[in-house]
Amino acid sequence: MGCCSFTRLKSSLVLLNILYMLIALVLIAVPAFAYSMNYFTSYSLIASLIAVGAFLFLFSFLGLCGALHHHQVMLFFYMVVLGLLCIVQFASSITLVAINDDQKHDILNRSWANANNVSRIEVQHAFDCCGYDQNTTDALGPVTGCSDLPCCTDLYLTSEEQCYLHPENSTAANSTLVGCEPCKAKIEEQFSYAVKVSGTVGLFFAFTELIGIILAIQYRNTKDPSRTLSFPGHGGFAK
């Protein structure tokens, strides 16, 4: 019975860390490929994702080695780091899931106001929109890059102000609106979706990390039936 329990715990911990290693490789490869294909131009974002992937890979390798060799010290540090990650990720995920609409509006307003012109132009080209709200937020800084957008060039408009959404006939009461829509609604829709997905995925991985902690504790305190003698660091302190 002890042998089967030891084997099951070992196999479960090994498979969990292999899963983490695969996720880490995806976090490293996908941003690097996206950057090489010019899908993303933010070097800091790409570097951050690759750094997270590298840390996850090394951490998973530590857990894998500890599981394969039943190494007490490796398993101890693995449990400590995994516990800290679980707490941080769970708290962050709960914060993302619980964020309300007013907080989303405030975050996006401040982000747009603090963004540089290059980032704003990238967003405008991605969503084919001009400015953030074409109102108070855009009044804080000049809007640029709208005259090159399809929603503006299709109407043969040339200046940034002309690209704003405006009545086709200013003298008519119910004139059709022409020009580029503000980016606010499109950004908020994508941001809300990203927050919801990130929070859900974060909670899922926090749950898997909790499982990893439980498995590591049980596995660390389970005696290796293949060893007649146990020494600290190699299956010691077994019950």
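Okay, here's what the table says:
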| read-out | value |
| --- | --- |
| Within region 73-87: backbone nitrogen closer than 16 Å to the residue 201 label point (7 Å, Cα to C-beta) | none |
| Amide H contacts under 5 Å for residue 180, placed H, 5+ residues apart | 164, 165 |
| Partners for residue 10 among lysines (Cα-Cα distance below 20 Å; same-chain residues under 8 apart left out) | 223, 239 |
| Residue 220 accessible area, 1.4 Å probe, all protein chains in place, Å² to nearest 10 | 50 Å² |
| Sequence of 71, 125 when ordered by accessible area, the most exposed leading, probe 1.4 angstrom | 125, 71 |
| Residue-level accessible surface for residue 35, protein heavy atoms, 1.4 Å, Å² | 100 Å² |
| FRET efficiency for residue 54 and residue 97, using Cβ-Cβ distance with R0 set to 25 Å, rounded to 0.05 | 0.35 |
| Length gained when the stretch residue 208-residue 192 is fully extended (0.36 nm per residue, less Cα-Cα span) | 3.3 nm |
| Taking the convex hull of Cα positions in region 37-120, its mean projected area over all directions (nm²) | 8.1 nm² |
| Net length gained if the chain between residue 125 and residue 81 were fully extended (0.36 nm per residue, minus Cα distance) | 11.7 nm |
| Under the Karplus curve 6.51 cos²θ - 1.76 cosθ + 1.60, θ = phi - 60°, whole-Hz ³J(HN,Hα) for region 144-152, x wherever Gly or Pro sits | 10, x, 7, 5, 9, 6, x, 5, 9 |
| Accessible area of residue 148 in the full protein assembly, 1.4 Å probe (Å², nearest 10) | 110 Å² |
| List 223, 196, 10, ordered by accessible area with a 1.4 Å probe, largest first | 196, 223, 10 |
| Rounded FRET efficiency, nearest 0.05, which uses the C-beta distance separating residue 36 from residue 221 and R0 of 41 Å | 0.30 |
| Within straight-line cross-link reach of residue 196, lysines at Cα separation under 21 Å, skipping those fewer than 8 residues along the same chain | 104, 184, 186 |
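The values are calculated or read from the model by the stated rules, or taken from the named source; none is laboratory data. Note that this is a predicted model, so its numbers are computed, not measured. Ideal geometry is used to build each Cβ from the backbone, glycine not excepted, and the neighbour counts take in all protein chains shown. In case anyone asks, the SASA skips ligands and DNA or RNA and just uses the protein heavy atoms, side chains included. Shrake-Rupley method; radii C 1.70, N 1.55, O 1.52, S 1.80 Å.
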